[in-house]
Structures are given as structure tokens and as C-alpha cells.
1. Of I98, A67, T42, which is farthest on the positive side of the dipole of the stretch 1-107, counting Cα position, with +1 on Lys and Arg Cβ, -1 on Asp and Glu Cβ, and the Cα centre as origin?
2. Just grab the label-to-label distance for V43 and R60, each label 7 Å out from Cα along the Cβ direction, in nm (one decimal).
3. Work from the charge dipole of the chain (Cβ charges, +1 for Lys and Arg, -1 for Asp and Glu, about the Cα centre) and give the residue of V124, G166, T188 farthest towards its positive end.
4. Using a 7 Å offset from Cα along Cα-Cβ at F9, what residues in the stretch 193-207 end up with backbone N under 19 Å from the label point?
5. With a cut-off of 16 Å, note down the residues of the stretch 136-176 whose backbone N falls inside the zone around a label point 7 Å from the Cα of E32 toward its beta carbon.
6. Need the C-alpha centroid separation for the stretch 28-51 versus the stretch 140-197, integer Å.
7. L131 versus M217, label points 7 Å from Cα toward the beta carbon: distance in nm?
8. When only DSSP loop residues count, what trypsin sites (Lys or Arg not before Pro) in the stretch 30-64 have their Cβ near at most 13 other Cβ atoms within 10 Å?
Amino acid sequence: MSGYLRGGFSQAWHLIVSHDPVLWSAIDNTIEVALVSTAIATVVGVPLGVLLGLGRFRGRGFFLAVANAGLGLPPVLVGIVGSLLLFPAGPLGSLRLIFTLRAVIAGQTVLAFPVVVALTASAVSNVTPGLLDQARAFDARRYRVWQLAARESRVGIVAAIVAAAGTALSEVAAVVLLGGNIQEFDQTLGSFALEEVGAGNYVYSLAIGIVLIVLIMVVSIVLTTLQHLGRSPARRRRSMS
């Protein structure tokens with residue numbers, strides 16, 4: 001058994017370092033999907049999360065509930081609804097996005113968006129109220145107060161962004177339904193792993209697992225580094241002592 005596993009890992013590692021075209025196409029697609037979808041969700045979702053976390057307006061509770069519910073949004077549902085909209089006979093069929101990488105990115109953006117909004121809203125709403133009241137006492141404009149809140153809760157906002165990126169790295173259902181899981185075209189690591197396990201090709205599956213672990217470790221290291229940098233100097237000295 002140990003020899004079987006050792007041989008499998010050896011072959012999997014060879015696929016990675018030899019730049020196997022099928023594997024590296026999936027890696028490139030996965031990174032592109034994760035980066036683009038997370039960037040879009042961040043640019044739109046962080047300001048909206050700050051608004052929901054600090055704003056006081058009618059319907060705020062409803063929108064917060066929708067954002068929180070979106071944390072559990074089923075990827076299969078996103079894939080099915082997106083496919084129905086993008087099929088040639090669907091309302092958005094003229095865009096010709098079905099079974100393309102752009103459709104996969106759109107689906108991942110829909111999944112990442114509520115994660116960023118809900119976690120950002122939670123982070124900024126936990127900022128010390130006295131700090132914001134002090135800023136208002138000095139006649140700070142509303143957007144300045146919100147900037148202060150975002151800066152004070154930056155660790156939580158970074159965590160929201162990284163959580164959205166982590167979701168994009170390993171998603172399968174929406175990718176398969178919207179992209180068609182087409183090899184060397186819009187196939188990602190998650191959907192590639194599903195295909196290879198079903199085919200009994202465990203060497204590729206092990207290679208995919210190794211790459212995913214490395215990518216997730218990179219995301220975790222970035223998060224930990226940014227959280228450390230986000231602390232005050234006094235807190236950093238205490239944590240190192």
C-alpha cells in the first residue's frame with residue numbers, strides 16, 4: 001500500500017513539474033476565475049457591506065438578511081439559474097456566454113459577492129461606536145466616518161475577501177453547469193478532479209489535490225500576514241513577546 005501511494009505521489013508530482021498541458025490549463029483557469037470573481041465581488045461588495053454595516057435606512061435589515069442568506073447560496077442553484085438564462089433560447093442567450101470561462105467567472109462572482117458583503121457588514125458593525133462618535137463630533141463627513149470604520153475593520157474585510165477567493169478555488173457545481181467542464185478551455189481544478197476521480201485516474205486527482213493545497217496555503221499565508229500587519233504596533237509587540 002505504501003509503495004502504491006508513493007508511486008502515485010511521484011507520478012502526480014511529475015505531472016506538476018513537467019507542466020502537463022491539461023493540468024496547467026486547469027490551474028490557469030482556476031487562478032483566473034478566483035482572481036477576477038474575487039476582484040469584482042470586492043470592488044462592489046466592500047462598499048455595499050460598509051453601507052449595510054453602518055447605514056441607517058429603511059430596508060437595511062432585509063438587505064442584511066439577504067446578504068447573510070447568500071452565505072449559504074447553493075452553487076448548484078446558481079449554475080442551474082445561470083444556465084437557464086444563458087442557454088441560446090434563454091433571456092441572455094444572445095450574449096453567447098454559456099459554456100465559456102466568462103460564464104464561470106460570472107457564476108463565481110455571484111457566489112463570492114454575498115460572502116464579501118455579509119462579512120464586511122459584520123466586521124464594520126463591530127467597530128467601537130465611541131470611535132465613530134468621536135469622528136462625528138469633529139464634523140467628519142459621512143464618507144470619512146465610513147472610511148475610518150473600514151480602516152479599523154480591515155482585518156475582517158481581508159478575511160471576507162480571502163474567504164471569497166477560497167470559495168472560488170474549490171467550486172465545482174456552478175463551474176460544470178455554466179462552463180460545461182470543457183478540457184483545456186474552461187475546466188477548473190475542482191471540476192477536473194471530479195472528472196478524473198469518476199474515471200478512476202487517481203494520479204491526476206492527486207496532482208490536483210497537491211496544487212489545491214498549495215493554493216489554499218498561499219491564501220492562508222496572505223491572510224495571516226495581512227492580519228499581522230493590520231494590528232497596532234503595541235499589539236504586534238505583545239504577540240511576539
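1. A67
2. Each label point lies 7 Å from its Cα, and together they span 2.8 nm.
3. Farthest along the dipole direction, towards plus: V124.
4. 202-207
5. 169, 175-176
6. Spelled out, the Cα-based centre of one part sits 6 Å from the other.
7. Result: 3.4 nm between the two label points.
8. Here the sparse-neighbourhood loop sites are R56, R58.
Quick note: the coordinates plus some simple rules give every number you see, no bench work behind them. Quantities reported herein were computed from a predicted structural model and do not represent experimental measurements. We place every Cβ from the backbone using ideal geometry, glycine too, and count neighbours over all the protein chains shown.
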